[in-house]
Amino acid sequence: MKVACLFSGGKDSTYSIAWALNQGWEVYTLISILPMENSYMFHHPNVNWCNLQAEAMQLPLIFGKSHGDKTQEIEDLKSLLSSLKIDGIVSGAIASEYQKEQLDRITYELGIKNFAPLWHKKQEKLLEEMIEQGFEFIITAVSAEGLDEKWLGRLIDMQAYNELRKIKGINIVFEGGEAETFVLNSPIFNKKIKINNAVKNFKGSSGSYLIKEAELA
């Protein structure tokens, strides 16, 4: 199976890439979309650093652009996929019906398959598996009550996991947009990403952690 993996730089898409590689599939390329800030489909914070993660995974990467319009951005992805000779795509969708439906639609129209290995998995167990298997990731954006400025840039280890379980009203894998993540290391990285400079911006109940300088260690 030759697949393209949709890649935002976060925990879910990285975990899905690892799944595809474990199937023995050929990951033909990663695809990272550079969206407008109001994107319905694609993550925004730090996606420009996906090239460093792709280098750590020794996988090719294609950057695509999105206009941010709810209808147009999925067509932008479809146009990009139509130029690739692949059997299917792999995404990190867990619970977003909108995301899954849109990807199902465009892959059907292109005559390829859509694989979502994390779809409807038990979320607490999924996050626990990621941590136990050596996926190291930090929070790069928050937008929910209970997730304050101190969470920005924080590594999600078992201590953080246990704290997240106690916060009422949030989705523990952040499928409701509560937070975004960025992967620093994983079993499929051959080098770890070291952040040398980052800036926190926090106002009200939301904020971001923007990476300014990073390198492979």
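Structural remarks
- Furthest towards positive pole of dipole, Val142, Ser96, Thr181, structure part the chain, Cβ charges: Thr181
- Calculated P(r) tail over 24 Å for segment 2-115, as whole % of Cα pairs: 15
- With 0.36 nm allotted per residue and the present C-alpha distance subtracted, the Lys192-Gln123 stretch has 22.3 nm of extension available.
- 10 Å-binned pair-distance histogram of the chain (Cα, whole percent): 8, 35, 39, 16, 1
- Partners of Lys192 within straight-line reach, counting lysines whose Cα lies under 18 Å from its Cα and excluding those fewer than 8 residues away in the same chain: Lys11, Lys212.
- All C-alpha pair distances within segment 60-139, sorted into 10 Å bins from zero, spread as 15, 41, 31, 13 percent across the bins.
- Placing +1 on each Lys and Arg Cβ and -1 on each Asp and Glu Cβ, with no other charges, gives segment 2-115 a dipole about its Cα centre of roughly 200 debye.
- Pairwise Lys count, segment 93-183 - Cα closer than 28 Å, eight or more residues apart or different chains: 18
- Amide H within-cut-off set for Arg154, under 5 Å, with H built and near neighbours excluded: Ile139
- Size estimate for segment 123-216 follows the Kirkwood approach: the inverse of mean 1/r over distinct Cα pairs works out to 13.7 Å.
- Computed label-point distance, nm, for sites Asn51 and Asn201 using a 7 Å Cα→Cβ extension: 2.2
- Inter-probe distance in nm under a simple model that places probes 7 Å from Cα toward Cβ, at Glu101 and Asp148: 3.8
Coordinate-derived values only; no laboratory data. None of the values given here were measured: they were computed from a predicted structure. Cβ atoms come from the backbone with ideal geometry, glycine included; neighbour counts cover every protein chain shown.
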